[in-house]
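Novice: My structure is below; once you've seen it, I'll send some questions.
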Amino acid sequence: MKYLSTRGHAERKRFCEILLEGLAPDGGLYLPETYPQVDAAMLDKWRAIYRDSGYADLAFEVLSLYIDDIPAADLKAICRKTYTEAVFGTSEIVPLRPLEPGLYLEALSNGPTLAFKDMAMQLLGNLFEYELGRRGEELNILGATSGDTGSAAEYAMRGKKGVRVFMTSPQGRMSPFQQAQMFSLQDENIHNIAVDGVFDDCQDIVKAVSNDLDFKRRYKIGTVNSINWARLMAQVVYYFAGYFQATKASPHPRKISFTVPSGNFGNVCAGHVARMMGLPIAQLVVATNENDVLDEFFRTGVYRVRASADTHETSSPSMDISKASNFERFVFDLLGRDAARAAELFGARLPAQGRFDLSGDAAFRSAAQHYGFVSGKSTHADRLRTIRDTYQRFDTMIDTHTADGLKVAREHMQAGVPMIVLETALPIKFAATIEEALGRLPPRPARFEGIEALPKRVQLMPADAALVKAYIASHVR
C-alpha cells in the first residue's frame, strides 16, 4: 500500500513514513493510492470476527488493508493492547444504544478522556511508540485542539518513550473541564500552549510549522491532528462496528446511514473512506453548529471559510471551526482525484480569496448520489431542546455536540434505513449547558473529581507560528 498527496507530489510513501510525517511536502494530505475494496464475503468474515473475537481483532482486519510495513503479529498485538475493556470501560468498546425504532447512538466516549478522539489517539500513541522504538528516533508532536483532540493526544502520549507533545488551543474557548483535563497534566513530555485566538488560528500555526520543511526535519515534527492519515484510518473501524451491530437481525444486503457532528471533517471523512471501501452506507449526514461552513457547502457548493472574528463561540465548542482541514481529502475524491485542481483550490485560491465555488461542477451536483453526503445545522436552542427531549423520553443524557447530531439526524431519516448518530463526548465535558437544559449537573467519573482546582501548567502566547517554533526549539533537548 502506497500513499499519495492530494496536491500531486510525485513521491509515494509507505504507511510508517506518513505516520511520523503529517502533511505531505507540498502541503497536501495523504490518502491511499486506491481504497481497498470490501465485498460481501469479507463483510461476513469481519462480522463473525467482531462477534466472536471483539473490536481489537476487527481493527486489525481493517488496518491490515492499509498497513503492510508492520508485521501482522506486531500490528495485531498493538490493536489488542489498545482496544481493551480496561481502557474503554466496556468489552464492546463502541456499544450501540437504540433510542427509538431505526435510530441509534454509537457510544464512542468511553475512553480515558471521555471523547471519541480516544478511539484513534490511543492507537496512535501505541503506533508512535512502536515505530520510534524500531527506528531509535524521537518525535515532537505539534497539535491544535478545539477541546477534545488535545486531551486525547496528551493522555495517549504521556509517558511514551521518545515522544513530546506541544498542543495549541484557543485561550478561553474550551469548557473548564476540557481545559483542566489538559492544563493539569504535569508530565515533562507534555507542553500546553494557549493561543490568543480561535481554533483556526491554532490549526494555521500547525500547518505553517509543518510546511517549514527545514524546521520540521531539524526538530522531527509530527502531528496528531486528523490531517494525520493514521488517525483517520483508525476511525474507519467504528463505522464497520456500528454497521455490524445495527444489522444483526437482517445482515443482507442492508444499508444504514450515519450522522456525524462535524467541524474539522475528520470524523465524517472516516465514514467517507468506509463507504468508498464498500461499507453499505446510504447517507453520511454532516451536522454542524452555528459555524456552518460545511453545511453551506453541501447545500450550495460554495466553500467559504470565516475569519476569526466571524467564528461563533457556541455551546458545542469543539465544532467552533471555520476551516475544515480534512475537507481537502473529500474534495480530492469528489473531483476525480485531480491533484492539480485540489492544489489550485486549497493551495492557491482558498488562501487568496477565502472561498471557492463548485456549484456549477457536475461532480458537486451528484455528490449526494455518489458519495451519500447531506447536511444540516443546529443552534443553541436546538441543543437545549434535544438534550431535554432525549433525557425525558429515553432517560439518556447526551452532550451538546451529540445533540447537534441527533437534531440533524431526525431531519434525514429514511424509511427502512437505520440511522446511527456518532456520540462525541460525555456530558460532563460541557456541564454548564447540560445544567441549563436539565437543571442538574451531569455525572462525573470519580477519577475527574476536583480536576478544575488542580494546578495548571500552560504557556500563553499570541497567534504567531514563529513564537511557537521558538518555544519548541527551546524545549527540545
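Novice: So is Gly143 surrounded by 22 or more Cβ atoms within 10 Å (Cβ to Cβ), among the small types (Gly, Ala, Ser) and not in a helix (DSSP H, G or I) or not?
Specialist: It is true that Gly143 is surrounded by 22 or more Cβ atoms within 10 Å (Cβ to Cβ), among the small types (Gly, Ala, Ser) and not in a helix (DSSP H, G or I).
Novice: Would you confirm whether any residue within segment 207-230 is of a type in the set (Phe, Trp, Tyr), part of a helix (DSSP H, G or I), surrounded by 21 or more Cβ atoms within 10 Å (Cβ to Cβ) and at pLDDT below 95?
Specialist: No, segment 207-230 contains no residue that is of a type in the set (Phe, Trp, Tyr), part of a helix (DSSP H, G or I), surrounded by 21 or more Cβ atoms within 10 Å (Cβ to Cβ) and at pLDDT below 95.
Novice: Report yes if some residue within segment 289-312 is assigned to a helix (DSSP H, G or I), at pLDDT 95 or above and touching a helix residue (DSSP H, G or I) at 6+ places or on another chain (Cβ under 6 Å); otherwise report no.
Specialist: no
Novice: Among the residues of segment 110-128, is any part of a strand (DSSP E or B), surrounded by 19 or more Cβ atoms within 10 Å (Cβ to Cβ), in contact with a strand residue (DSSP E or B) (Cβ under 8 Å, 6 or more places away or on another chain) and among the hydrophobic types (A, V, I, L, M, F, W, C)?
Specialist: yes
Novice: Cβ contacts < 7 Å: first residue without any contact (Cβ under 8 Å) to a residue 60 or more places away in the chain and more than 24 Å from Val268 (Cα to Cα), restricted to segment 373-400; second residue among the small types (Gly, Ala, Ser) and crowded, with 18+ Cβ neighbours inside 10 Å, any location; separation 6+ or different chain. Result?
Specialist: Correct list of pairs: Arg388/Ala437.
Novice: Oh, and also: Kindly establish whether Glu85 is in contact with a Leu (Cβ under 6 Å, 6 or more places away or on another chain) and either among the aromatic types (Phe, Trp, Tyr) or at pLDDT 95 or above (or both).
Specialist: The answer is no for Glu85.
Novice: Oh, and also: Looking at segment 7-29, I want the residues that are more than 21 Å from Arg135 (Cα to Cα) and have a partner that is among the β-branched types (Val, Ile, Thr) and at pLDDT 95 or above with Cβ atoms under 6 Å, at least 6 apart or on another chain. Which pairs are those?
Specialist: The qualifying pairs are Gly28/Thr6; Leu29/Thr6.
Novice: Hey, can you tell me all the residues within segment 420-464 that are hydrophobic (A, V, I, L, M, F, W, C), out of contact with any Lys or Arg (no Cβ under 9 Å at 6 or more places or on another chain) and in a helix (DSSP H, G or I)?
Specialist: Phe430, Ala432, Ala446, Phe448, Ala453, listed by residue number.
Novice: Residues in segment 358-381: is at least one in a loop (DSSP other than H, G, I, E, B) and surrounded by 22 or more Cβ atoms within 10 Å (Cβ to Cβ)?
Specialist: yes
Novice: Just to check your reading of the model, which residue among Thr379, Thr402 is touching a Pro at 6+ places or on another chain (Cβ under 7 Å) and among the hydroxyl-bearing types (Ser, Thr, Tyr)?
Specialist: None of the other options fit; the residue is Thr402.
Novice: Inside segment 1-25, can you point out the residues that are in a loop (DSSP other than H, G, I, E, B), at pLDDT below 95 and touching a Gly at 6+ places or on another chain (Cβ under 9 Å)?
Specialist: Leu20, Glu21, Gly22
Novice: Residues in segment 208-241 that are among the polar types (S, T, N, Q) and over 12 Å from Gly266 (Cα atoms): how many?
Specialist: 3
Novice: Related question: Exactly one of (1) under 26 Å from Phe15 (Cα atoms); (2) outside any helix (DSSP H, G or I) is unmet by Val285. Its number?
Specialist: Here Val285 clears every test but (1).
Novice: Is it the case that some residue within segment 344-357 is assigned to a helix (DSSP H, G or I), surrounded by 18 or more Cβ atoms within 10 Å (Cβ to Cβ) and among the acidic types (Asp, Glu)?
Specialist: no
Novice: Quick one: would you say Leu467 is surrounded by fewer than 19 Cβ atoms within 10 Å (Cβ to Cβ) and not in a strand (DSSP E or B)?
Specialist: Spelling it out, Leu467 is indeed surrounded by fewer than 19 Cβ atoms within 10 Å (Cβ to Cβ) and not in a strand (DSSP E or B).
Novice: Tell me which residues, restricted to segment 392-407, are surrounded by fewer than 18 Cβ atoms within 10 Å (Cβ to Cβ) and either at negative phi or of a type in the set (Val, Ile, Thr) (or both).
Specialist: Gln392, Arg393, Phe394, Thr396
Novice: Another question, if that's okay. May I ask you to list the residues in segment 307-339 that are at negative phi, among the charged types (D, E, K, R) and surrounded by fewer than 18 Cβ atoms within 10 Å (Cβ to Cβ)?
Specialist: Asp310, Glu313, Asp338, listed by residue number.
Novice: Taking the condition of a type outside the set (Ser, Thr, Tyr), in contact with a Phe, Trp or Tyr (Cβ under 8 Å, 6 or more places away or on another chain), part of a helix (DSSP H, G or I) and in contact (Cβ under 8 Å) with a residue 12 or more places away in the chain, does Phe330 pass?
Specialist: yes
Novice: Take residues that are without any contact (Cβ under 8 Å) to a residue 12 or more places away in the chain and not aliphatic (A, V, I, L, M) and tell me which of the helices (runs of 4 or more DSSP H) falling wholly in segment 40-97 contain 2 or more.
Specialist: Passing ranges, in order: 40-53.
Novice: May I ask you to say which residue of Gly271, Gly242, Gly278, Gly263 is out of contact with any Lys or Arg (no Cβ under 8 Å at 6 or more places or on another chain) and surrounded by fewer than 22 Cβ atoms within 10 Å (Cβ to Cβ)?
Specialist: Only one candidate qualifies: Gly278.
Novice: Here is a list of conditions, (1) in a helix (DSSP H, G or I); (2) surrounded by fewer than 24 Cβ atoms within 10 Å (Cβ to Cβ); (3) at pLDDT 95 or above; (4) among the aliphatic types (A, V, I, L, M), and Ile193 meets all of them except one; can you say which number that is?
Specialist: Here Ile193 clears every test but (1).
The values are calculated or read from the model by the stated rules, or taken from the named source; none is laboratory data. Just so we're clear, the structure is a prediction, and the values are computed from it rather than from any experiment. Cβ coordinates were reconstructed from backbone atoms using ideal geometry, including for glycine residues, and neighbour counts include every protein chain displayed.
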